[in-house]
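The values are calculated or read from the model by the stated rules, or taken from the named source; none is laboratory data. Quick caveat, the model's predicted, so the values are computed rather than measured. Neighbour counts run over all protein chains shown; Cβ positions are idealised from the backbone, glycine included. The accessibility values were calculated without ligands, DNA or RNA, using every heavy atom of the protein model including side chains. Shrake-Rupley method; radii C 1.70, N 1.55, O 1.52, S 1.80 Å.
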Amino acid sequence: MAKRAVFGLAGWSGSGKTTLAEKLIKVLSSRGLTMATIKHAHHKFDADMPGKDSWRHRKAGAGQVLVSSAMRSVHFIEHTREEPSLEVLLAQLKPCDLVLVEGFKKEAIPKLEIYRGELELPPLYPDDTHIIGLVSDTPPEDCQLPVLASANIDGIADFIMRHLEL
């Protein structure tokens, strides 16, 4: 496998990043790419369940808990000092063709901005030179970037693959 490609989806909360990511993962995977995703969670969240063995292990003081079965594995890591960087998170992944990153707006990776004019929030692209295109049905009039319709998932996948030379 060649060097792993990393591509991001950025946008304000409620812009449709997760919906687009889900659709892109299906299309890109169907094209034969092995995929991983990293999603930034803005809110305090917990994927573990109170009372489960893994939860009990973490609460007892384990900094890492790995739960595994024949179906899947989950690795819980407690961050006691600071949030890990994208680089640290990428290093934890197994090899794959493409890592689709949702969120992490400030990272220096190529990304598409998901822009919804009806949210009445300013676009991110004027302040982020790593945004190489917009996914929007209502782009700002002065946008000089390529604009991709949100319903054109195959076209968005083509754009990403061309940019990353996959």
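List of remarks:
- Residue check, GLU83 closer than 20 Å to HIS130 by Cβ, assigned to a loop (DSSP other than H, G, I, E, B) and either open to solvent by 40 Å² or more (accessible area, probe 1.4 Å) or at pLDDT 95 or above (or both): yes
To keep it simple, each residue is scored yes or no on (1) of a type in the set (Phe, Trp, Tyr); (2) within 12 Å of the chain's Cα centre (by Cα); (3) open to solvent by 100 Å² or more (accessible area, probe 1.4 Å); (4) closer than 21 Å to VAL88 by Cα.
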{"position": "LYS3", "(1), (2), (3), (4)": "no, no, yes, yes"}
{"position": "PHE7", "(1), (2), (3), (4)": "yes, yes, no, yes"}
{"position": "LYS23", "(1), (2), (3), (4)": "no, no, no, no"}
{"position": "LYS26", "(1), (2), (3), (4)": "no, no, yes, no"}
{"position": "SER30", "(1), (2), (3), (4)": "no, no, no, no"}
{"position": "ILE38", "(1), (2), (3), (4)": "no, yes, no, yes"}
{"position": "PHE45", "(1), (2), (3), (4)": "yes, no, yes, yes"}
{"position": "SER54", "(1), (2), (3), (4)": "no, no, no, no"}
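- The criterion of at least 2 residues that are modelled with pLDDT of 95 or more is met, among strands (runs of 3 or more DSSP E) falling completely within segment 1-72, by 5-10, 35-39.
- Close pairs (6 angstrom Cβ cut-off, 6 or more residues apart or separate chains): closer than 12 Å to ASP97 by Cβ in segment 19-33, assigned to a helix (DSSP H, G or I) anywhere: LEU28/ALA157
- Filtering segment 58-78 for residues that are in contact with a Phe, Trp or Tyr (Cβ under 7 Å, 6 or more places away or on another chain) and under 30 Å from ASP158 (Cα atoms) leaves an empty set.
- Residue list for segment 116-133, filter: in a strand (DSSP E or B) and open to solvent by 30 Å² or more (accessible area, probe 1.4 Å): ILE132
- Options ASP137, ASP53, ASP128; residue that is farther than 19 Å from THR37 by Cα and either touching a residue at least 24 places away in the same chain (Cβ under 8 Å) or touching a helix residue (DSSP H, G or I) at 6+ places or on another chain (Cβ under 6 Å) (or both): ASP128
- Failed condition for LEU89, given (1) part of a helix (DSSP H, G or I); (2) closer than 24 Å to ALA151 by Cβ; (3) touching a residue at least 40 places away in the same chain (Cβ under 8 Å): (2)
- Considering SER73, SER69, SER136, the condition of being more than 16 Å from the chain's Cα centre (by Cα), of a type in the set (Ser, Thr, Tyr) and open to solvent by less than 50 Å² (accessible area, probe 1.4 Å) is satisfied by SER136 alone.
- For ASP142, the stated conditions do not hold, so it cannot be described as assigned to a loop (DSSP other than H, G, I, E, B), surrounded by 12 or more Cβ atoms within 10 Å (Cβ to Cβ) and of a type in the set (D, E, K, R).
- Selection of segment 105-146 for residues being aliphatic (A, V, I, L, M) and within 14 Å of TRP12 (Cα to Cα) yields LEU112, ILE114, LEU119, LEU121, LEU124, ILE131, LEU134, VAL135.
- Some residue of segment 99-115 being open to solvent by 30 Å² or more (accessible area, probe 1.4 Å) and farther than 22 Å from GLY133 by Cα: no
- In this entry, ALA151 is excluded by the filter for residues that are in a loop (DSSP other than H, G, I, E, B), under 11 Å from GLY8 (Cβ atoms) and among the aliphatic types (A, V, I, L, M).
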